[in-house]
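To keep things clear, I will list the structure first and then write my remarks on it.
The values are calculated or read from the model by the stated rules, or taken from the named source; none is laboratory data. These numbers come from a predicted model, not from an experiment. Quick reminder, even Gly has a Cβ in these numbers, built from the backbone with ideal geometry, and neighbours come from all protein chains shown. Just the protein is used for accessible areas: all its heavy atoms, side chains included, with ligands, DNA and RNA removed. Shrake-Rupley method; radii C 1.70, N 1.55, O 1.52, S 1.80 Å.
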Amino acid sequence: MRGVFATAALLAGVQAAIDPIVIKGQKFFHKTSGEQFFMKGVAYQQEISSNSTQTATDSINITDPLADPTSCKRDIEYLKKLTTNTIRVYAIDPTKDHKDCMSALADAGIYVVADLSEPGLSINRNDPGWTVELYERYTSVVDELMKYDNTLGFFAGNEVSNEANNTVASAFVKAAVRDTKAYIKSKNYREVGVGYATNDDAAIRENMANYFDCGNTEDAIDFWGYNIYSWCGDSSFQQSGYDVQTKNFEKYNVPVFFAEYGCNTPRPRKFTEVGALYGSQMTDVWSGGIVYMYFEEENKFGLASVSGGKVETNEDFDNLSKQIAKATPSGVKMNAYNPSNTAAAACPKVTAGTWEAESDPLPPTANAQLCSCMMETLSCQVANSTSEDDFGAMFGTICGLKDGEYCAGINKNATSGPYGVYGMCAPKEQLSFVVNAYGKAVSGGCNFKGKATTKAAVASPTGSGCAALLKDAGADGTGTVSGAAKATGSSAGGAKGSQGAASGLSAPQFSSGVFGLSLYVVGAVASGMAMILL
């Protein structure tokens, strides 16, 4: 029997030294001891800002903070001086080994909240989408970090919608929350929350919080992170607006915490907000917070400078150390806590110029199997020799015809809908669906000067589950596909960060049809028309 238990522990890949964190109502608790958990956190990632550059289209090399055990163990000693019990990391490489660092963090009593995206592979606020490629990125991070008991939770997005004119992007982030939660459940992992981190924008913050919390529990966030920098210098609970935010969230039904805080104007930072955050005025509502950030870089938010492998702390570090040492939040035992605020928020109504994302339906589930099944049925596909540089013109031409009729199956207009079920497929797969629809309707339409080619279609793909998936999708791709997400074996693929159909097919709209046309599409029509041979 001893060998069986040893094997089970090895397969789990976890340490027995730390008590996992669970969620009950509006609070975090230690699973075994039942003590309430308040984050005393520090953002911990070098050479990357707060992962909110959602306009990036190219992959950016990242320094994985959990994959370098030497640096990790060096910095843990300084994090302990700040009584840190949580770090936030913004991007990891899931192909690397994180065991040594995660184990060292666990031994120090430090948990990890991890963002699931990476720069260049995230939901773009200006051209949002939830795709198979993103799903595979998210689930690979989940698979890697679920090996460790000190993984506290995941962020499905960070400041993606940051103004009223890009709130449509929130629909795709909420779809990411839904699919990530479903994936965790399907893998029989322990319960770990999936949340979102928002900026502090007065025009949208109430709608944002309500949108991500409303509707079915399976679709909603498990916790809410707030990036807030309103307490600057010698401020106060009232002057900073902390009083208003505390009032706003007092009836929220999931945990809320500061996912980033620490205004750096003026500097050195005094961190007097720590006393308020962990004091009696806030601890009934807030579960602590995460200071931005450990490493001193060009943005001047660091607590320490690292050079030649040596750490030099600064006055910000000293001031935070003094303030956090005095923070002794008073909590409640899990078994004595009976949440009174269990109702989800009401979904915000779509209003032009105020809030653009519909709460129901959400964008389709990312399902690579459906994409693969669809590709088998096409008698016209994009030629393998076609460059992605030509995709935009081809999309623009076909989608600009007949009010976007041929492109309904890839529509991702989150306001007017309906969504196309293939809008989550790879660019080449989406374009193949579109040229096939055009080719069937127009004699000789499958050509595009050799950029599309005919093939023998399979009327009924034999792949497991294909018949049911395609039936749900409908011939024009505007149906509703049920079932869990699948992310294995996408047949066409596409370069990381490639735009393809993702280039602006959602807003702003220039047609009254079901398919929203963008400036990108309208501009591409002229060049694409030359490709059509009638």
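Per the 1.4 Å probe, what fraction of the accessible area of region 180-219, in percent, lies on carbon and sulfur atoms? Kindly include the intermediate steps, with their values, before the conclusion.
Values: 760 of 1860 Å².
Summing carbon and sulfur atoms, their accessible area is 41 percent of the total for region 180-219.
Using a 1.4 angstrom probe on heavy atoms only, work out the carbon and sulfur share of the accessible area of region 368-473 in %. Intermediate results must be reported in sequence, preceding the final value.
Details: 1900 of 3880 Å².
C and S atoms contribute 49 percent here.
Tell me, what is the per residue accessible area of region 368-473 in Å², probe radius 1.4 Å? Don't jump to the answer; show the numbers that get you there.
Values: 3880 Å² over 106 residues.
For region 368-473, the solvent-accessible area averages 37 Å² per residue.
Go through S372, S340 and list them by solvent-accessible area, largest first, probe radius 1.4 Å.
Values: S372 35, S340 110 Å².
I get S340, S372, largest accessible area first.
Using a 7 Å offset from the Cα along the Cα-to-Cβ direction at both Q238 and D476, what is the distance between the two label points in nm, to one decimal?
5.9
May I ask you to derive the FRET efficiency for N216 and Y189 from their Cβ-Cβ distance with R0 = 25 Å, giving the value to the nearest 0.05?
Numbers: r = 20 Å, r/R0 = 0.81.
In this case the efficiency is close to 0.80.
Which distance in nm do the two modelled labels at D360 and S230 give, with both placed 7 Å along the Cα-to-Cβ direction?
3.1
For region 368-473, what's the relative contact order in percent, using C-alpha pairs closer than 8 Å and at least 6 residues apart?
Normalised by residue count, the contact order of region 368-473 is 41 percent.
Taking 51 Å as R0, compute the FRET efficiency from the Cβ-Cβ separation of S385 and S321 and round it to 0.05. List each step's numbers first, then the result.
Working: r = 61 Å, r/R0 = 1.20.
The computed FRET efficiency comes out at 0.25.
Return the whole-Å distance between the Cα centroid of region 304-325 and the Cα centroid of region 81-143.
24
Just grab the label-to-label distance for T462 and Q281, each label 7 Å out from Cα along the Cβ direction, in nm (one decimal).
Modelled inter-label distance: 7.1 nm.
Assign one of three labels to region 261-375, namely rounded, prolate or oblate, based on the Cα gyration tensor with a ≥ b ≥ c the square roots of its eigenvalues; rounded applies when a/c is under 1.5, prolate when it is not and a/b is larger than b/c, and oblate otherwise.
Working: a/c = 2.25, a/b = 1.45, b/c = 1.56.
It is oblate, given that a/c is not under 1.5 and a/b is not larger than b/c.
Run the accessible area of region 244-316 with a 1.4 Å probe and give the carbon-and-sulfur part as a rounded percent.
Working: 1380 of 2910 Å².
Ligands and nucleic acids excluded, carbon and sulfur reach 48 percent.
Given R₀ = 51 Å, what would the calculated FRET efficiency be for K402 paired with D201, taking r from the Cβ atoms and rounding to 0.05?
Efficiency for this residue pair is about 0.85.
Which order do the peptides 223-233, 64-74, 287-297, 462-472 take when ranked by the mean count of other beta-carbon atoms within 10 Å per residue, highest first?
On the way: 223-233: 20.2, 64-74: 18.5, 287-297: 23.4, 462-472: 14.8.
Listed from highest to lowest mean packing, they are 287-297, 223-233, 64-74, 462-472.
How big is the Cα convex hull of region 90-212 in projection, averaged over all directions, in nm²?
Details: hull surface 31.4 nm².
Averaged projected hull area, Cα only: 7.9 nm².
Using only the alpha-carbon atoms, what does region 368-473 span along each of its principal axes? Please give whole angstrom values in decreasing order.
So the extents along the principal axes, rounded to whole Å, are 36, 35, 25.
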